[in-house]
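Enquirer: Let me give you the structure first, and then I'll get to my questions.
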Amino acid sequence: MNHINLITTCTNGKHGDSYNSLNLSDYSSGKTFSNVLIHSWCRALKEALSKSASIYVEDLYKGGHWATAKAIYKKYPIDLWVLSAGLGLLHSKDKVVPYQATFATGYQESIPLYSKDYSGKSFHRTWWKEITERSAFKSDHPTSITELMRKKPQEYFIICGSPDYINAIELDIVNGLEYLDVPHKQLLIITSKKINFRLKEYLLKSDNRIAEWLNCNMLMLNIKLAQHVIRDFTSHQRDDLSILSQELSREFNFLPERKVIQGIKRNPDEVKKYIFDLLQQQPGISATKALRAFRDSGNSFEEKRFRTLFQAVTASNA
């Protein structure tokens, strides 16, 4: 059986010196032109990589998602790659600097949409293309999925991640298909939403029923499903990802609907008080962990609005 390339998303939680980490929010604002932002960010990255203390990619990220990715890497014959919104396509053995940038919306370090000039999230595809072309790792390994598929036409590719990240790399995947010997056997994309029609046949769609089946939370769903796929694919010495995907999809069709317990809807004042009290108890808590604690306590509030209030309350306490 040929080698597997597991390509998954980065995580917000990172080790390293967070105080000195590069943060996209320091370079972006409502008035920053898109081409200026790309140039400024790539130049800052190049300078930081040449001067700052570096850390291996496999040691950079935190959380259950990345712990699962590393567990897969240690157990199975794979190469582990990362879809980094800040640095492009990374190999787990690359040495990088801590950074904050994401394709997810609603964060200070979110890559802007530039909605006046780009429809939907199409600027994210432009961003991905630009940072992969300007990658500092071009002399070390392929820095785009297209280049990776061109270099490894007989290998397998399992790409798993959130819809925001899959959207950003869709065209990169489409352009790489022509280099694979038998694309439908070699490529599988795991995510929770519909994708580009040209990639539909490669999709294994995840949802909350599968999270319950795998006994994991939604944050770890895609990587846990990838782990299940790789375990089955390698243990049974399979050679066709599409057949395994079809078998799993049929099995998932019979899964019962997951029971969702609705939290109590809170108004902004209640949310701000909750955040204020939580920050008194845990001053360094992140917005993500604060939201998780809020919801685990039986509360309900829209995520983006929660993050906005969290930033406001944190700033007022500074």
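Enquirer: Only one of (1) assigned to a loop (DSSP other than H, G, I, E, B); (2) free of Cβ contacts under 8 Å to residues at least 40 places away in the same chain fails for Arg250. Which number is that?
Expert: (1)
Enquirer: Going residue by residue through region 189-202, is there one that turns out to be part of a helix (DSSP H, G or I), in contact with an Asp or Glu (Cβ under 9 Å, 6 or more places away or on another chain) and open to solvent by less than 40 Å² (accessible area, probe 1.4 Å)?
Expert: yes
Enquirer: From the set of residues in region 291-318 that are among the charged types (D, E, K, R) and in contact with a Leu (Cβ under 8 Å, 6 or more places away or on another chain), which is surrounded by the most Cβ atoms within 10 Å (Cβ to Cβ)?
Expert: Filtering region 291-318 for residues that are among the charged types (D, E, K, R) and in contact with a Leu (Cβ under 8 Å, 6 or more places away or on another chain), the one surrounded by the most Cβ atoms within 10 Å (Cβ to Cβ) comes out as Arg307.
Enquirer: Quick one: is Ile275 in contact (Cβ under 8 Å) with a residue 24 or more places away in the chain, more than 23 Å from the chain's Cα centre (by Cα) and under 22 Å from Asn12 (Cβ atoms)?
Expert: Judged against the criteria, Ile275 is a match.
Enquirer: Please enumerate the residues belonging to region 259-290 that are part of a helix (DSSP H, G or I), at pLDDT below 90 and open to solvent by less than 30 Å² (accessible area, probe 1.4 Å).
Expert: Leu278, Leu279, Ala287, Ala290
Enquirer: Something else: For region 176-198, how many residues are more than 22 Å from Cys10 (Cα to Cα) and in contact (Cβ under 8 Å) with a residue 24 or more places away in the chain?
Expert: 8
Enquirer: Looking only at residues in region 114-137 that are under 26 Å from Glu303 (Cα atoms) and touching a helix residue (DSSP H, G or I) at 6+ places or on another chain (Cβ under 6 Å), which one is modelled with the lowest pLDDT?
Expert: Tyr114
Enquirer: Confirm whether His141 is surrounded by fewer than 18 Cβ atoms within 10 Å (Cβ to Cβ) and either charged (D, E, K, R) or part of a helix (DSSP H, G or I) (or both).
Expert: So His141 fails the test.
Enquirer: Another question, if that's okay. Could you list all residues from region 106-124 that are under 17 Å from Glu170 (Cβ atoms) and either in contact with an Asp or Glu (Cβ under 7 Å, 6 or more places away or on another chain) or assigned to a loop (DSSP other than H, G, I, E, B) (or both)?
Expert: Answer for region 106-124, where residues must be under 17 Å from Glu170 (Cβ atoms) and either in contact with an Asp or Glu (Cβ under 7 Å, 6 or more places away or on another chain) or assigned to a loop (DSSP other than H, G, I, E, B) (or both): Ile111, Leu113, Tyr118, Ser119, Gly120, Lys121.
Residue by residue, here is whether (1) modelled with pLDDT under 90; (2) farther than 20 Å from Arg125 by Cα; (3) charged (D, E, K, R) holds:
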position	(1), (2), (3)
Ile4	no, yes, no
Thr9	no, no, no
His15	yes, yes, no
Ser18	yes, yes, no
Leu24	no, no, no
Asn35	no, no, no
His39	no, no, no
Cys42	no, no, no
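Enquirer: Looking at region 203-240, which of its residues are open to solvent by 70 Å² or more (accessible area, probe 1.4 Å), in a helix (DSSP H, G or I) and over 27 Å from Glu257 (Cβ atoms)?
Expert: Ser235
Enquirer: Which residues, taken from region 54-91, are of a type in the set (Asp, Glu) and in contact with a Leu (Cβ under 8 Å, 6 or more places away or on another chain)?
Expert: Listed by number, the residues that qualify are Glu58, Asp79.
Enquirer: Now a separate question. If I ask for residues that are in a loop (DSSP other than H, G, I, E, B) and more than 20 Å from the chain's Cα centre (by Cα), which ones from region 144-161 would you list?
Expert: Selection gives Lys152, Pro153, Gln154, Glu155.
Enquirer: Under 6 Å between Cβ atoms, at least 6 apart or on separate chains: pull out the pairs that start in region 129-155 with a residue that is more than 9 Å from Asp172 (Cβ to Cβ) and in contact (Cβ under 8 Å) with a residue 24 or more places away in the chain and end on any residue that is open to solvent by less than 40 Å² (accessible area, probe 1.4 Å) and among the aromatic types (Phe, Trp, Tyr).
Expert: As it stands, the answer is Thr143/Phe137, since those pairs meet every condition given.
Enquirer: Let me ask something else. Every residue in region 168-188 that is open to solvent by 30 Å² or more (accessible area, probe 1.4 Å) and either part of a loop (DSSP other than H, G, I, E, B) or over 17 Å from Met149 (Cα atoms) (or both), please.
Expert: Asp181, Val182
Enquirer: Okay, next question. Inspect region 33-55 for any residue being touching a helix residue (DSSP H, G or I) at 6+ places or on another chain (Cβ under 8 Å) and open to solvent by 30 Å² or more (accessible area, probe 1.4 Å) and give the result as yes or no.
Expert: yes
The values are calculated or read from the model by the stated rules, or taken from the named source; none is laboratory data. Being a predicted model, the structure only gives us computed values, none of them experimental. Cβ atoms come from the backbone with ideal geometry, glycine included; neighbour counts cover every protein chain shown. Accessible surface is based on the protein model in full, side chains and every heavy atom, while ligands, DNA and RNA are left aside. Shrake-Rupley method; radii C 1.70, N 1.55, O 1.52, S 1.80 Å.
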